Amino acid sequence: MALLFDILSWGALISGCILCLIGGWGMIRLPDMYTRMHGASIIDTLGIGLILVGLMFQAGLTLITAKLVLILIFVFFTSPTATHALARAALNGGLKPEVLDEGIRLPIDPLNSDDVAVADTASKEDEPSKI
């Protein structure tokens, strides 16, 4: 039974470390802030989560495991919330993500009169004339 816990523990620890390395590499290589935040959220949520699970298997059924569970719950709920809040604040602050297609509308883009005029003329052209 101890061998099974050691295998599970080392599997979780190694998987968590690999995910942390991939997320760290992503934070360096990815082009803009939004994609870099994706790499950081991988490190926070999944990488640290697997490392904590591996440490729980190593600790056994002790008070240390209870503390690690509390840390895992705290990280699991706060990390995605903080990442979302940071991304929303950056988007509302005017930092636009890099996109390949310039026709993509973002939530912060105002509706200007050109967009409305194009939408109105397109709907009028589709209707048959009543004259």
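Under Stokes-Einstein, with the Kirkwood radius over Cα pairs as Rh, the value for segment 8-95 at 10 °C and 1.306 mPa s is 115 µm²/s. Once both labels are positioned 7 Å from their Cα atoms along Cα-to-Cβ, the gap between residue 29 and residue 71 label points is 2.9 nm. Here the gap between residue 83 and residue 63, fully extended at 0.36 nm per residue and compared with their Cα-Cα distance, gives a gain of 4.2 nm.
Only the coordinates and a few stated rules stand behind these numbers; no lab work does. Everything quoted here is computed from the prediction, not taken from an experiment. Cβ sites come from the backbone with ideal geometry, for glycine too, and all protein chains shown count toward neighbours.
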